[in-house]
Amino acid sequence: MQLNCAGKMLDLNQPAVMGVLNVTPDSFSDGGCYLQPDAALRRAEIMAEEGAAIIDVGGESTRPGAPLVTVQEELDRVLPVVERLTRALSIPISVDTSKPEVMREAARVGAGLINDVRALQAPGALDVAAASGLPVCLMHLRGEPATMQQVPRYSDAVAEVYAFLAERVQICEAAGISRDRILVDPGFGFGKTLEHNLRLLRHLNRFTDLAAGVLVGISRKSMIGLLLNTPVTERLSGSLAAAVIALWQGAKIIRTHDVRETVQALCVCAAARAAE
């Protein structure tokens, strides 16, 4: 299975690694590192060399407690980077945004995938995504980033996240986004406790029948820090373990800050899964 990302193909017949590129001053792991287009390009080039199949560019932090940014601020951060990366790299460039204006302009300058933590629920986002013709990733988020970790509650986290994503897939199909253009993401760390996250990881295979592929982003997140009692800079081993579990459970794309190490870990996992 392959996704056509504005003419650049993303092969989902093998594990795909999505490199994280935050062009923000306040993201939880790499905020402030790649604000300038030159720095962002160099980082993207390194990730591509390390084996990233796609680069995800985000201009608004979605860490717990993160403030909102204006449409113009996000456009100013994202568009120069997306345009430059699209011209310089042979792999697709994803835009991580919930704003329809950013989706539209990013698609215009060459973005190949729309990755939305709010699953195209913002007014106008669904129509813009459908009109773009691009693949989309729909993520589950309970609440808003500023408040999402304030005592999140579920009767059954797996069932409720699944039901939400299934409904969003149906809504997208009704709007003209075919299922083979849709990815789903359970949204680890987005309005979920450690217990919720672990249950979702344990039962991730439940989500594999929803759409073209499951995307998982656990890299360096607080669930790893809570389990290992480590700061952000010391969460590589835990992130790799989670990535391998996700792949074994059927995930197609792993979103990560640590591309080379994740590519290598997934290579071993995929070989074991393929063995007779």
Report task. Answer yes or no: is there a residue in the range 190-197 that is closer than 22 Å to SER94 by Cα, in contact (Cβ under 8 Å) with a residue 40 or more places away in the chain and among the hydroxyl-bearing types (Ser, Thr, Tyr). Result -> no
Requested in this report: Determine, yes or no, whether VAL169 is at pLDDT 95 or above, closer than 25 Å to ARG199 by Cβ and in contact with a Lys or Arg (Cβ under 8 Å, 6 or more places away or on another chain).
Outcome: yes
Query raised in the report: In the set GLY225, GLY217, GLY238, which member is in contact with a strand residue (DSSP E or B) (Cβ under 6 Å, 6 or more places away or on another chain) and not charged (D, E, K, R)?
Result: GLY217
Query raised in the report: Has the range 95-114 got at least one residue that is free of Cβ contacts under 8 Å to residues at least 24 places away in the same chain, within 24 Å of ARG168 (Cα to Cα) and within 16 Å of the chain's Cα centre (by Cα)?
Result: yes
Query raised in the report: What residue, among those in the range 191-224 that are farther than 25 Å from ASN13 by Cα and touching a Gly at 6+ places or on another chain (Cβ under 8 Å), is surrounded by the fewest Cβ atoms within 10 Å (Cβ to Cβ)?
Result: SER222
Report task. Keeping to the range 199-218, report how many residues are of a type outside the set (Val, Ile, Thr) and assigned to a strand (DSSP E or B). Result -> 3
Query - Scan of the range 167-190 for residues that are surrounded by 22 or more Cβ atoms within 10 Å (Cβ to Cβ), in a helix (DSSP H, G or I) and in contact with a helix residue (DSSP H, G or I) (Cβ under 9 Å, 6 or more places away or on another chain), ordered by number - result: CYS172, ARG181
Report summary line: Given (1) crowded, with 18+ Cβ neighbours inside 10 Å; (2) farther than 17 Å from VAL20 by Cα; (3) among the β-branched types (Val, Ile, Thr), ILE245 misses just (1)
Report task. Enumerate the pairs (first residue in the range 203-222 and touching a residue at least 40 places away in the same chain (Cβ under 8 Å); second residue anywhere and part of a helix (DSSP H, G or I) and acidic (Asp, Glu)) with beta-carbon separation below 7 Å, excluding pairs fewer than 6 apart on the same chain, so at least 6 apart or on different chains. Result -> ALA212/ASP180
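Do any strands (runs of 3 or more DSSP E) lying entirely in the range 1-63 carry at least 3 residues that are modelled with pLDDT of 90 or more and touching a helix residue (DSSP H, G or I) at 6+ places or on another chain (Cβ under 9 Å), and which ones are they?
16-22, 54-58
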Query raised in the report: Restricting the first residue to the range 42-67 and requiring it to be at negative phi and of a type in the set (Phe, Trp, Tyr), which pairs with a second residue that is modelled with pLDDT of 95 or more and buried (at least 22 other Cβ atoms within 10 Å of the Cβ) meet a Cβ separation below 8 Å and a spacing of at least six or different chains?
Result: none
Query raised in the report: Looking at the range 119-153, which of the residues that are among the polar types (S, T, N, Q) and at pLDDT below 95 is surrounded by the most Cβ atoms within 10 Å (Cβ to Cβ)?
Result: GLN149
Query raised in the report: Looking at this structure, is ILE245 under 25 Å from MET47 (Cα atoms), without any contact (Cβ under 8 Å) to a residue 60 or more places away in the chain and touching a Gly at 6+ places or on another chain (Cβ under 6 Å)?
Result: no
Query raised in the report: If we keep just the residues of the range 219-276 that are among the basic types (Lys, Arg) and assigned to a helix (DSSP H, G or I), which is modelled with the highest pLDDT?
Result: ARG260
Query raised in the report: Which residues, counting only those in the range 82-96, are in a strand (DSSP E or B) and charged (D, E, K, R)?
Result: ASP96
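The values are calculated or read from the model by the stated rules, or taken from the named source; none is laboratory data. Since we're looking at a predicted model, the values are computed, not measured. Here Cβ is always computed from backbone atoms with ideal geometry, including for glycine, and neighbour counts include all displayed protein chains.
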